[in-house]
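Working notes, structure below.
We did not get these values from a lab; they are worked out from the coordinates using the rules stated. Because the structure is predicted, anything quoted here is derived from the model rather than measured. Note that each Cβ is placed from the backbone with ideal geometry, even for glycine, and that neighbours are counted across all protein chains shown.
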Amino acid sequence: MVLDSGDTAFILVATAMVMLMIPGVGLFYGGLVRKKDVVSMIGLSFLALALVSVQWVLVGYSLSFGTDIAGFIGGLDFLGLRGVGMGAGDATIPGLLFMAFQLVFAGITLAIITSAVAERVKIGSFIVFGLLWTTLVYDPLAHWAWGGGWAGQLGALDFAGGTVVHISSGFGALALALVIGKRIGFGEHDMEPHNIPMTMLGAALLWFGWFGFNAGSALAANGLAANAFVVTNTSAAAGALAWLFASWVKGKPSALGMVSGGIAGLVAITPAAGFVDTMSALVIGAVAGVLCYKALLFRVGKGLDESLDAWAVHGVGGLWGALATGIFAVEAVGGYSGLLQGNVDQFVAQVIGAVAAVVYAFVVTYALAKIVDSTMGLRVTEDEEYVGLDISQHGEKAYA
Amino acid sequence: MMKVEAIIRPERLDQVKKALEEKGFVGMTVGEVTGRGEQKGIKLQFRGRTMDVDLLPKIRIELIVKDEVVDTLIETISEAARTGRPGDGRIFVIPVARSVRVRTGEEVK
């Protein structure tokens, strides 16, 4: 195809916006931990960006988007970005730009999973785990949905990464938390967020960047991008209000709950953004707000220390979003119809795609975490954890 | 009248407060401090070298009470704050000469 300067300009900006979401995740998580671990928490997100940026240009892009091998993984034809150039490939934007846009998605996915290891991970072990995880979990899942793999062939829809990004990191975080174990003192004494404004700043960057994430996934500056933009904001707003009201019933209306609900709404609309209309987005977001809040309460009730709720918000929200895409898709928006228009097949494809991703992400993450834990040890020592990762891992302090 | 000043682990504050309330000790002043004891903080091994974290975060609780309840108070705080590892803290008892309530100017006995 011919390069389109409008499309190219738009995706350049969208890519930079998604990049900004990665430290956004760091700030969101950083505010939620105790003040002795905030440098570590924000640092892990930057580390995810840096690690995946290198892995992606070396092998990740090729494994995800190279020539299909058995529907499972891409070949090594784009190793070291060989053959990925400045000209337009199948789209109206340069191949290099498509590669970069996909790179930041892979980066944020690894950042999200750091929720599971908050305040207790050994940094060297996280580097090894992170490289294994992005190569063996993210890259295959991206290939399944977008790189010509089996899920895409089956017709499972994932507009901007509900399955690839959110189910994978959410259910991966659950497995990782089970392997690394609880923080010392979890459930015995309070571990209150140390800086809620920092978390809200992170949420602001995420909400902003998500327009690049979802509208950019149209891969063109067109009407579909506008639809994705509007449903994204609508779903985020509905999710924020739903979680706010759900927390109000139990006590005070929580500001932290409101921004968490916004993220839940953003997660849920991600796979659906190019297939549903604005009225459906209201429902998708509102259900996500309540559902993810309930998932968080369930997680706490079970005494499970998936510390910053990547599972409750990204895992459960992503699963709901994948199913909602199969329910609410309308032909007028993205050319596919869902359950409400009588298309049962689409819903079934969504269920198969989502369940396969849940199982694959959970099982493979669990195995990788076990391997790293038994060879290098995922956790710091008790003293290092007590003193905090900022001092013990980095020799730095957040606040003088 | 005595001032009982306890330096405890930050994560034990909730238990200590709860235990104090159960025994009827309600008024208190609480502050965040850093400090060290005989172990001079915690030594961390990092890539073969030792790193000292000599000042650790602690909580200071101060209560002004009648002489006869000092023993009960010390026992209550010790039990609630104890983990058995170094760093559980210290309790000091200091005589108080006078106590005046600011709102009314009256002497508190």
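With a threshold of 27 Å on the Cα-Cα distance, the over-threshold entries among A:Lys122/A:Lys294; A:Lys302/A:Lys397; A:Lys397/B:Lys18; B:Lys3/B:Lys23 are A:Lys122/A:Lys294; A:Lys302/A:Lys397; A:Lys397/B:Lys18.
For region A:286-382, the Cα gyration tensor yields ellipsoid semi-axes of 34, 17, 9 Å (square root of five times each eigenvalue, largest first, whole Å). Between the Cα long axis of helix A:344-375 and the first principal axis of chain A there is an angle of about 40°, rounded to the nearest 10. Each semi-axis of the equivalent ellipsoid for chain B is √(5λ) with λ an eigenvalue of the Cα gyration tensor; in descending order they amount to 32, 15, 12 Å. Against chain A, whose longest principal axis is taken from its Cα atoms, helix A:316-328 shows a tilt of about 20°.
Can you give me the angle between helix A:123-133 and the longest principal axis of chain A, using Cα atoms only, in degrees from 0 to 90, rounded to the nearest 10? Value to nearest ten degrees: 30.
Based solely on its DSSP helices, what 222 nm [θ] is calculated for chain A when runs of n ≥ 4 H residues each add -39,500 (n - 2.57) and the sum is averaged over all residues, nearest 500 deg cm²/dmol?
-20500 deg cm²/dmol
Projected over all directions and averaged, the alpha-carbon convex hull of region A:123-255 occupies 11.3 nm². For the protein assembly as shown, the orientation-averaged shadow of the C-alpha convex hull comes to 27.6 nm² (one quarter of the hull surface). Other residues whose C-beta falls under 12 angstrom from the C-beta of A:Arg34 contribute a net charge of -3, scoring Lys and Arg +1 and Asp and Glu -1. Starting from the Cα gyration tensor of region A:218-315, multiply each eigenvalue by 5, take the square root, and state the resulting semi-axes largest first in whole Å. Semi-axis lengths for region A:218-315 are 27, 14, 9 Å.
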